[in-house]
Structures are given as structure tokens and as C-alpha cells.
1. Being closer than 19 Å to T93 by Cα and either open to solvent by 40 Å² or more (accessible area, probe 1.4 Å) or polar (S, T, N, Q) (or both) is the filter here, so list the residues in segment 8-18 that pass it.
2. Where in segment 41-126 are there strands (runs of 3 or more DSSP E), lying wholly inside it, with at least 2 residues that are at pLDDT below 95 and open to solvent by 30 Å² or more (accessible area, probe 1.4 Å)?
3. Would you check if R159 is more than 18 Å from A42 (Cα to Cα), open to solvent by 20 Å² or more (accessible area, probe 1.4 Å), modelled with pLDDT of 95 or more and within 13 Å of the chain's Cα centre (by Cα)?
4. Inside segment 25-40, can you point out the residues that are surrounded by fewer than 18 Cβ atoms within 10 Å (Cβ to Cβ) and among the hydrophobic types (A, V, I, L, M, F, W, C)?
5. If you check every pair at least six apart or on different chains, which have Cβ atoms under 6 Å apart with a residue in segment 74-95 that is in contact (Cβ under 8 Å) with a residue 24 or more places away in the chain first and a residue that is among the charged types (D, E, K, R) and not in a helix (DSSP H, G or I) second?
6. Going by what's in this entry, would T30 be described as closer than 29 Å to L109 by Cβ and not in a helix (DSSP H, G or I)?
7. Take G143 and decide whether it is on the phi > 0 side of the Ramachandran plot, open to solvent by 30 Å² or more (accessible area, probe 1.4 Å), assigned to a loop (DSSP other than H, G, I, E, B) and among the small types (G, A, S).
8. When you go through P88, P62, P99, P76 one by one, which is the residue that is closer than 23 Å to G151 by Cα and more than 13 Å from the chain's Cα centre (by Cα)?
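The values are calculated or read from the model by the stated rules, or taken from the named source; none is laboratory data. Owing to the predicted nature of the structure, the values given are computational and were not obtained by experimental measurement. Quick reminder, even Gly has a Cβ in these numbers, built from the backbone with ideal geometry, and neighbours come from all protein chains shown. The accessibility values were calculated without ligands, DNA or RNA, using every heavy atom of the protein model including side chains. Shrake-Rupley method; radii C 1.70, N 1.55, O 1.52, S 1.80 Å.
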Amino acid sequence: MSRPGLVRRVPVELRPPAPLGPAAAAVAVTLADAATPLWTDAGAEASAWLAFHAGCPLARSPCDAAFALACQAPPPLDALGQGTDEEPHLSATLIVQVPALEPGRGWRLRGPGIEAEHRLRVSGLPEGFAARWAANRAAFPRGVDVVLCAGRDLAALPRTVSIEEG
């Protein structure tokens, strides 16, 4: 989160059950624990793997989760925990598997942790994601943080980052 939009490679090779990719699995097992419910659409085998390795309870719906891991279409940002002005840390983090992350092209990212701008092209997000992200950012200090994962690569989008298309 401290270097928004920079693509990083997970240094270890995890082999989670399909459809989980290594980066999404690594993020989930690193962040989730016994006090943080995790929701995922990855299916029963992957859910059991995540619960075992992270030691976390599984949430029945994305709105009940501290962490939501989407292998398919992600839930709407406003359907996830937003935190409050007094306790923004109670918001959810959305982990989204996408087909590809490409640095140096696509969106222009600006905000804390970015000196001028970072460029990031993301394949596979729903149409209109940038507009929904603007609404999420406008709710600061409330709002959702997102971690994008493609294979072993990941890039973080904290709620403070602005996205400009093109």
C-alpha cells in the first residue's frame, strides 16, 4: 500500500487450489487471521485452503468480510465494509484476481506514496471501475482498499489514490 500502483512480484511460489492464483493466495494468507473474516468466490476447496492457511473464519457474504477475495467479477465497492469517519480501519480490503497487470501504461495514478504519477494497465476489471473508484475515494477516510493480483504479480490501490483513465 505504501507504493500504490507499482507492480510487485510475490517472491515465493505458492500452489493454492484453482482458481486461486499465487499472489492472491499470498496476500490473503498474509493479511487474514482469526479476527478477520474472509469472503471469497473461489469455491469450496480454495475456501478451505484459505481458512486453514490463514486461520480465518469464512464470511457468508462480502459485506460481512474484513477481506474479500474475488476470482470472478468483484463485488461492488460500496457493498463492502466502508469503516466510519472515527474508525476507517474497519473498512474492507478487496483482493481481485485479474488476467494481467502492466506497468507503465493505462491509468494515471496520483496520490500519497506517488511522487508524480504511476501508470498501470489492468485487464479484467468491470466496466466503469474508475468511476466507482472515484466515489470510493470521495468517501475518505472511509472506503475500500484494493489489491490487484495477476499470477505472481500484485499492485495495491489504497483508497487515497486517484485514477485517471487514458
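1. R8
2. Ranges flagged: 100-110.
3. yes
4. Selection gives L31, A34, A35.
5. Q82/R142; G83/R142; P88/R142; T93/D145
6. When the stated conditions are applied, T30 does not pass them.
7. When the stated conditions are applied, G143 does not pass them.
8. Of P88, P62, P99, P76, the one residue that is closer than 23 Å to G151 by Cα and more than 13 Å from the chain's Cα centre (by Cα) is P99.
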